[in-house]
Amino acid sequence: MTDQFGRTINYMRVSVTDRCNLRCVYCMPPEGVPCLSHRNILTYDEITRICRTGAGLGISRIKLTGGEPLVRRGLPDLLGMIRKIPGIEQVTLTTNGILLKDKINELVSNGLNTVNISIDSPDPDRYEKITRGGRLEDALAGLEAALSCTGLGVRVNCVPMQETPPEDIIGLASLAEDRELDVRFIEMMPIGLGKNFGMISGSRIRSLLEDRFGSAGLCAENRGNGPAVYVRFPGFKGRIGFIDALSHQFCGTCNRVRLTSEGYLKSCLQYETGVDLRQLLRNGAADEEVKNEMLKAIHEKPACHQFAGKGEACGSGGQLLETRDMSQIGG
Ligand code: SAM
Ligand code: SF4
């Protein structure tokens, strides 16, 4: 299915909860966000129904996210339910990794294709500060458990802040030196608390890493569902990826929509534009109606975000700006 600008939409990020066991400084306030009651969160059957309708429209890849998706009970069951939908080719997961070690086997046996683990510092003290209390060793245990699963794609995601020291960037990139994994650096986006933190551009990180590891070669093949650009440093087993949402806006090829845990289908990260699918489902809408509302929301997907103040130039005026935090959207 394509939107009004001819972009093919085949990827849906599904947030299964707004709760989290960490409080990353750029994502959640120390006290957390007011939690939605269970009643207001989509059930697994409702999520599966929306994914099935999406699959009928051409969605082939689903990412499970949160909050922290692994704090919701029975997540591997949901994964299995989605994986069985005809047309869904890939189900991936984004997690902070804290609970991953104990769940990875069940996730993989239910069909998990790739796991992204968010780790913003390789230093236990700085990790604890950034996450407000998280233990790096738990996240690393999750990472090692994931790496031990044959056939599972493994990525580490880091969102550097202006104050992130170069040794943290180098330390995280080094994880890809002797392991088959991708380490990706994501530019901080000015959403929710992220507005309070400056970003480090992907090009700045790349030059820092080239000073340390030598010239990087561009990797030709496309990996993942998004706009990451991958390079490989000499002697590295794994790759380094850059997701430069601000410095290299890639809205022209955006292929995604987002489903929040309360069932709102969002067509762009920065805007509220979308449709309340929970209300439709709970009002007894037929499949055809759900499908048409999804199509309409996708058709109206805005042209681009205006994080760098370029919105008018690419025709995104007039839409309401998103007020949710990143933990409520799912990244
Ligand atoms: N709890 C899981 C995790 O941390 O991976 C999943 C949800 S989290 C909201 C998904 C991703 O969004 C994480 O990699 C996180 O670092 C990233 N994120 C949160 N706020 C961000 C921001 N303002 N800009 C860019 N990425 C952000
Ligand atoms: Fe939780 Fe992920 Fe946000 Fe950190 S980035 S507070 S782990 S939702």
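List of remarks:
- Residue match in the stretch 145-158 (condition: hydroxyl-bearing (Ser, Thr, Tyr) and touching a strand residue (DSSP E or B) at 6+ places or on another chain (Cβ under 9 Å)): no
- Arg73 meets the conditions (1) touching a residue at least 24 places away in the same chain (Cβ under 8 Å); (2) more than 16 Å from ligand 2 (Cβ to nearest atom) in every case but one. The failed one is (1).
- The test for being touching a helix residue (DSSP H, G or I) at 6+ places or on another chain (Cβ under 7 Å), touching a residue at least 40 places away in the same chain (Cβ under 8 Å) and either open to solvent by less than 30 Å² (accessible area, probe 1.4 Å) or in a loop (DSSP other than H, G, I, E, B) (or both) does not hold for Val275.
- Output for the stretch 134-169, where each listed residue is assigned to a helix (DSSP H, G or I), open to solvent by 40 Å² or more (accessible area, probe 1.4 Å) and over 21 Å from Val91 (Cα atoms): Glu137, Asp138, Leu140, Pro166, Glu167
- Selection status of Gly309, open to solvent by 20 Å² or more (accessible area, probe 1.4 Å), assigned to a loop (DSSP other than H, G, I, E, B), at pLDDT 95 or above and of a type outside the set (Val, Ile, Thr): no
- Scope the stretch 22-54; condition near ligand 2 (Cβ under 10 Å from one of its atoms) and in contact with a Ser or Thr (Cβ under 9 Å, 6 or more places away or on another chain); matching residues: Leu22, Arg23, Cys24, Val25, Cys27, Met28, Gly32, Val33
- Of the criteria (1) modelled with pLDDT of 85 or more; (2) within 16 Å of ligand 1 (Cβ to nearest atom); (3) open to solvent by 20 Å² or more (accessible area, probe 1.4 Å); (4) over 24 Å from Ala228 (Cα atoms), which one Thr323 fails: (1)
- Leu172 falls short on exactly one of the conditions (1) away from ligand 2 (no atom under 16 Å from the Cβ); (2) at pLDDT 95 or above, and that condition is (1).
- Taking the listed residues Arg206, Arg258, the one that is more than 16 Å from ligand 2 (Cβ to nearest atom) and basic (Lys, Arg) is Arg206, with no other qualifying.
- Candidates Thr17, Thr8: the one that is modelled with pLDDT of 90 or more, of a type in the set (S, T, N, Q) and near ligand 2 (Cβ under 10 Å from one of its atoms) is Thr17.
The values are calculated or read from the model by the stated rules, or taken from the named source; none is laboratory data. Only a predicted model underlies this, so the values are computations on that prediction, with no experimental measurement involved. For neighbour counting, all protein chains shown are included, and Cβ atoms are generated from backbone atoms with ideal geometry for every residue, glycine included. Just so you know, the surface numbers come from the protein's heavy atoms only, side chains and all, with ligands and any DNA or RNA stripped out. Shrake-Rupley method; radii C 1.70, N 1.55, O 1.52, S 1.80 Å.
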